[in-house]
Amino acid sequence: MQNDFSKGSVPGNIMRLALPLTVAQLVNVLYNVVDRIFLGHIGGSILPLTGVGLCLPVITVISAFSGLFGMGGAPICSIARGQGQLDQAEKVQNTAFLLLLIAGATLCMVGELFLTPILSLFGASADTLPYAAGYLRIYLVGTVFVMVSVGMNYFINSQGFARTGMLTVLLGAGINLVLDPVFIFGLDMGVQGAALATVLAQAASAVWVLRFLCGPKAILRLRLRGFRWDGRLVRRITGLGLANFIALGTNGLVQIVCNTTLQRVGGDLYVGVMTVLSSIREVVQMPVSGLVNGAQPVIGYNYGAKQTDRVRQAIRFTTAAGVGYTTLIWAALFFFPAAFIQLFHDGTDLLEVARPALHLYFFGYFMMSLQFAGQSVFQALGRWRQAVFFSLFRKVVIVVPLTLWLPYVAGLGVNGVFLAEPVSNFLGGLACFCTMYWTVYRRLDQSAG
């Protein structure tokens, strides 16, 4: 049996994948966000939450490597399946799995060796370093589990088994949600308990993924027996996944720059505010991420099958749905900021400074969906150079310089850090989407194949 995306309604095919993917990705975010929700209410102090927030760049880099090989290989599998080349698609999947294992083991060892210097570089103070180190030292043990559960889940989804992919994340998040209060409060383990709960949850998800991909229900099965290293294929997977890697990797860079700048101009309280805003963004952007990830297999399959009209339909639907959703979220954040902020900490000091920061940070949030839409099309069609460029352009060319410069312009201070994000959404989103429209959308008939 084969999930044929060249048949039926294009929006229907996208939503059939996107809805379970959205649930899965929302729940996946909860692995770490739930930790922050619980830790933000320990003893009324902001320090545990701020300490875990300082670990976010490392967690982001781990996610970036899982996407490098997972999101890099999955679109290639979709195109190969659309062309009827199942042996090649299976070879891509097996190669990506091996790359994920190598990356996971390497990151774990490097992180453990240089843990304290890394956190100090990321803006940890004498008060927050014990919390950050206590959390990250345990979290790093589960790096390989993250690689397998997140990276290989893209291959389950690319085969059309979005519900199975959703269950992968639901399983892990459910375990994490149950274990967090037991370890954090019941066993009084604090940040270490939160990290241990996350590692155990990720391990369960990894076992689930491997069980499915090695079983009879998978279209493309994971088999390393007789595997041969293919340098060209590795470069192709890495090249296509590089866009997502840079997008997430530069997110880590932005987090570092924001935390260190806020530490200088505002102190631990404002680092805590950025942790809250980043956590809110992670949650509210997941439906857009699920939408574009659900569209990628449909776009890639139809592109491989030379169904260019269906590719155009997919692009139009994805863009319209993304803009509509992010506009609604922007309104909710603008009118009800306290409801979002107090999920993570109910102290009046944090709420007083976080409310205006949230309004600045999420201004014009709908423009972010244009970046997602444009970049996902480049990635789905294997145009990794364009996808890489716009990942770098938005974060490295726009956000990082503005974060470093705006706090010292016209007395903006901490507000300058929070303003950098909306400026990047407008400039980066427009540049990426318009380039995709003129270089891809309007030329699909000539470039299909």
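The values are calculated or read from the model by the stated rules, or taken from the named source; none is laboratory data. Predicted model, so just to flag it, every value in this text is computed and none were measured. Reconstructed Cβ throughout: ideal geometry from the backbone, glycine too, with neighbour counts over all protein chains shown. For the accessible areas, the whole protein counts, side chains as well, though only heavy atoms, and no ligand, DNA or RNA atoms are used. Shrake-Rupley method; radii C 1.70, N 1.55, O 1.52, S 1.80 Å.
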Cβ-Cβ under 6 Å pairs, at least 6 apart or on other chains, the stretch 294-309 side surrounded by fewer than 21 Cβ atoms within 10 Å (Cβ to Cβ), far side modelled with pLDDT under 85 and among the acidic types (Asp, Glu): Thr308/Asp445
Any hit, the stretch 419-432, residues being within 24 Å of the chain's Cα centre (by Cα), open to solvent by 40 Å² or more (accessible area, probe 1.4 Å), closer than 25 Å to Ala314 by Cβ and aliphatic (A, V, I, L, M): yes
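Of a type in the set (A, V, I, L, M, F, W, C), open to solvent by 60 Å² or more (accessible area, probe 1.4 Å) and touching a Phe, Trp or Tyr at 6+ places or on another chain (Cβ under 6 Å) - does that describe any residue in the stretch 322-331?
yes
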Residue check for Phe378: in contact with a Phe, Trp or Tyr (Cβ under 8 Å, 6 or more places away or on another chain), open to solvent by less than 10 Å² (accessible area, probe 1.4 Å) and among the aromatic types (Phe, Trp, Tyr): yes
Residue check, Val284 open to solvent by less than 20 Å² (accessible area, probe 1.4 Å) and either in contact (Cβ under 8 Å) with a residue 60 or more places away in the chain or among the β-branched types (Val, Ile, Thr) (or both): yes
Of the criteria (1) open to solvent by 20 Å² or more (accessible area, probe 1.4 Å); (2) among the β-branched types (Val, Ile, Thr); (3) under 21 Å from Gly165 (Cα atoms), which one Val265 fails: (3)
Flag if Cys77 is touching a residue at least 12 places away in the same chain (Cβ under 8 Å) and under 18 Å from Asp230 (Cα atoms): yes
Complete set of residues in the stretch 179-224 that are over 15 Å from Gly151 (Cβ atoms), of a type in the set (A, V, I, L, M) and within 23 Å of the chain's Cα centre (by Cα): Val191, Ala194, Ala195, Leu196, Ala197, Val199, Leu200, Ala201, Ala204
Meets criteria (buried (at least 24 other Cβ atoms within 10 Å of the Cβ) and more than 19 Å from Thr50 (Cβ to Cβ)) for Gly272: no
Residue within the stretch 177-193 that is open to solvent by 10 Å² or more (accessible area, probe 1.4 Å), of a type in the set (Phe, Trp, Tyr), under 23 Å from Arg36 (Cβ atoms) and touching a Phe, Trp or Tyr at 6+ places or on another chain (Cβ under 9 Å) present: yes
Identity of the residue in the stretch 128-163, in contact with a Lys or Arg (Cβ under 8 Å, 6 or more places away or on another chain) and not small (Gly, Ala, Ser), that ends up surrounded by the fewest Cβ atoms within 10 Å (Cβ to Cβ): Phe161
Selected residue (criterion: surrounded by the most Cβ atoms within 10 Å (Cβ to Cβ)) from residues of the stretch 96-110 that are more than 18 Å from Leu136 (Cβ to Cβ) and either of a type in the set (A, V, I, L, M) or modelled with pLDDT of 90 or more (or both): Ala96
Residue that is out of contact with any strand residue (DSSP E or B) (no Cβ under 9 Å at 6 or more places or on another chain) and buried (at least 22 other Cβ atoms within 10 Å of the Cβ), where the choices are Ser78, Ser125, Ser120: Ser78
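Take the residues in the stretch 1-59 that are among the β-branched types (Val, Ile, Thr) and assigned to a loop (DSSP other than H, G, I, E, B), then tell me which one is modelled with the lowest pLDDT.
Top of the filtered list is Ile42.
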